[in-house]
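Worksheet: the structure to be examined is printed underneath.
Coordinate-derived values only; no laboratory data. Fair warning: this is a prediction, and the values are worked out from it, not measured in the lab. Using ideal geometry, Cβ is built from the backbone for each residue, glycine included, and neighbour counts are taken over all protein chains shown.
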Number of protein chains: 2
Amino acid sequence: MSNKNIGIKDVAVAAGVSVTTVSHVLNDVSYARISPDTRDKVKSAAEQLGYGPNRLAQALRTQRTGMLGLVSEDIATTPHAGRIILGADEAARARGYNLMIINTSGSASAESREADVEALLERRVDGILYATMYHRDVQVPANLGNVPTVLVDAVSTGRSLTAVVPDEEGGARAAVASLLAAGHTRIGFLNNTDDVPATRDRLRGFRATLTEAGLDGETAPVESELSEVPGGYEAARRMLDRPDRPTGLFCYNDRMAMGAYRAAAELGLAIPDDLSVVGFDDQQLIAANLHPGLTTVALPHYEMGAWATDSLIDAIEGKTDLALMALHPTILDCPLVTRESVAAPAPPR
Amino acid sequence: MSNKNIGIKDVAVAAGVSVTTVSHVLNDVSYARISPDTRDKVKSAAEQLGYGPNRLAQALRTQRTGMLGLVSEDIATTPHAGRIILGADEAARARGYNLMIINTSGSASAESREADVEALLERRVDGILYATMYHRDVQVPANLGNVPTVLVDAVSTGRSLTAVVPDEEGGARAAVASLLAAGHTRIGFLNNTDDVPATRDRLRGFRATLTEAGLDGETAPVESELSEVPGGYEAARRMLDRPDRPTGLFCYNDRMAMGAYRAAAELGLAIPDDLSVVGFDDQQLIAANLHPGLTTVALPHYEMGAWATDSLIDAIEGKTDLALMALHPTILDCPLVTRESVAAPAPPR
DNA sequence: GTGAAAGCGCTAACAG
DNA sequence: CTGTTAGCGCTTTCAC
């Protein structure tokens, strides 16, 4: 119940001991020699009164708040932030920490970002997680790093900070490999036009996988558009109008794949019989609900949140040196999620 | 920069004054009589040193943390939580508060929920926001209410707590009205099978609006299924197979509407020419990306988060009495979002 | 106009 | 085995 008015002193009085003793038993202090009797008295007194420690006072004294700051971009726009938060929250709680969340707009000014970090610093968080909503290079606020910090889904331009990012290239390879495994040899890529790591890395994975399979990865067809549903539709229309129409389509993300579904429908192409499609992101709402279900590659947002949090706590507790890990970003797997949008290509007629 | 090592004392020394004076000027204490000279000295010293107050110490002394606890269900599953968090975060920051977030599973036990609240209480949050991911009655943890509390998207069974919920019936009315306005007279409802307020209230709004328009709301066709895409598909198939096929469809949510789109496509019915469709929820990923864009009703998650936070802070600051507001939940508007899925019914042939 | 000092609730030497 | 006591960094009463 944690009645806010009762403190360690009250417990001490109720148990007929000193506050030291109470503190010792409640915190299981190792070097404290306390009789089992006293222990019980203290514990039941605490229980009785509904005592809960005042973490502020504890923190002030121990210089440890047990709080982690999470500054996250555009919390509401994508489900990605939610998964990062969830991964971070669960990892944090498992080790007795809590999360303070600050939302920042993707377009926030440098000063406003610094103010966000400052707010966290004033509250004396033990460490900071700095998360972006899609994998990219960021210029982190200057005051970050006054405290242990790890970046989630981002790497920092300039300053080297521990970071965790998805294996974009590996994901692309898995996607293309699934098409190859189904027997496709004419495979196209619907890419994004933004100049972000995912665009480059997925393209590289696409070409390399084809080449390694003995196909001509360098000349394999690629159509680029804005990475939204209409862009996917446009790119797919162009792709499917090509003389040597691909039988397999790898899409930059699930939204573009959704556009490709419509393009295929308009052209009378059935998925997966006439056209196999693989997406990227595993956005539940889309991938699982499209008909047929979209085979896609999952981004490890939950895992990145959890990994970052665990590493951060390790650093806070002196079990790790973040400076060492900062040399190279940690790269997490993007697993293929198989649904029904991939099948063997139709036999040539 | 808030160098963690420098405190009010350092500023005092640097400015050649006492800590009292520093505190007075930095906090703009009204009754303090301090010469402009001293003020400047103190301010520039603080600036110089990069001083930032230790909020823990402040909180311990003032019994105010400036932190709000937000316990939220299933953060990662829907974008809804994100919008509530965003609304709450922005409202909180506007008034100088920050958010501590605890995620709880929709299926968590009573004890685990109590432990979540307890964690917030131990950190001495000034108030608690308790949010659920869809509008429903909840049995709140017993220790909630030891501190000002407001429920978001939920009302409490038994104990009366201030709450804010969406106007489900009003949203349904707006949806049906838009169909009526387009000229439809045969309108069907694809409802959810769960026994939650939304199911009941949207149905009521559906029937009432038809009746008030001179149609027979009581016998208007309703098909119920699980409120997911496949359910929507099934319900729509049944609905569209009826002898007197409706020309307008109101769907319990956007996912069911997505299923209805597929059913319509299979039956060769073009949207909106042969069939008009209205959804509910305004899930961006679906509603905006379906083709044609889905006219739907938006749930005011952002607004509920913001309203709840503002009310909570008002209560904390003594500007409001939550007990008074607890008598009836506050109901927020669900506005119609018009896209392209509604048109006049085809002329009878 | 400014400062000394008490105390918010807790932990951790240090004494006994 | 248990208790006394000095702070953690800040606000605030009261005195000068």
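Candidates A:Ala81, A:Val277, B:Leu226 compared by Cα position along the dipole of the protein assembly as shown: farthest toward the positive end lies A:Ala81, with charges placed on Cβ. Taking B:Thr330 in one copy and the same position in all the others, each labelled 7 Å out along Cα→Cβ, what are the pairwise distances from the first, in nm, shortest first? With the label placed 7 Å along Cα→Cβ, B:Thr330 yields 4.2 nm. Highest average first, the peptides B:66-72, B:39-45 ordered by how many other beta carbon atoms sit within 10 Å of their residues are B:66-72, B:39-45. Positive end of the dipole of chain A (Cβ unit charges, origin at the Cα centre): among A:Ala59, A:Met325, A:Ala177, the Cα lying farthest that way belongs to A:Ala59. A straight line joining the Cα centroids of segment A:1-76 and segment B:124-192 runs 38 Å. For chain A, DSSP calls about 5 percent of its internal beta bridges antiparallel. Computed from point charges on the beta carbon alone (+1 for Lys and Arg, -1 for Asp and Glu), the dipole magnitude for segment B:257-349 about its Cα centre is near 360 Debye. A label point on B:Pro230, set 7 Å along the Cα-to-Cβ line, lies at 3.4 nm from each of its counterparts in the other copies, closest listed first.
Taking the Cβ of A:Leu226 as the centre, find all other residues whose Cβ is under 10 Å away and add up their charges (Lys, Arg: +1; Asp, Glu: -1). Residues near A:Leu226 contribute -3 overall. Calculate how many DSSP beta bridges within the protein assembly as shown are antiparallel, expressed in % of all such bridges and rounded to the nearest 5. Beta bridges within the protein assembly as shown, antiparallel portion: roughly 10 percent. Within the P(r) computed for segment B:284-349, what percentage of the Cα pairs occupies the region above 15 Å? It works out to 68 percent of all Cα pairs.
Between rounded, prolate and oblate, where does segment B:154-262 land on the alpha carbon gyration tensor, with a ≥ b ≥ c its root eigenvalues, rounded for a/c under 1.5, else prolate if a/b exceeds b/c? Because a/c hits 1.5 or more and a/b fails to exceed b/c, segment B:154-262 counts as oblate. Counting only Cβ charges, +1 for Lys and Arg and -1 for Asp and Glu, the dipole size of the protein assembly as shown around its Cα centre is about 1640 debye. Taking a span of 24 Å or more along the helix axis (Cα atoms) and a mean Kyte-Doolittle hydropathy of at least 1.0 as the rule, no DSSP H helix of chain A qualifies.
Separation of segment A:263-304 and segment A:313-344, taken as the distance between their Cα centroids, equals 24 angstrom.
Label-point distances for A:Asp194 to the equivalent site in the other copies, using a point 7 angstrom along Cα→C-beta, read 3.1 nm when ranked shortest first. Calculated on the Cα set of segment B:181-332, radius of gyration then Dmax: 18.3, 61 Å. Amide H contacts of B:Ser341: B:Thr295, each under 5 Å away and 5 or more positions distant or on a separate chain (H built 1.01 Å from N in the peptide plane; Pro and chain starts excluded). Amide H contacts of B:Val155: B:Arg136, B:Asp137, B:Val138, each under 5 Å away and 5 or more positions distant or on a separate chain (H built 1.01 Å from N in the peptide plane; Pro and chain starts excluded).
Amide H to amide H, with H built 1.01 Å from N, A:Leu99 comes under 5 Å of A:Leu68, B:Ile101, counting only residues 5 or more places away or on other chains.
Qualifying trypsin sites (Lys or Arg not before Pro) in segment B:239-347, where qualification requires a DSSP coil assignment and no more than 12 other C-beta atoms within 10 Å, comprise B:Lys319.
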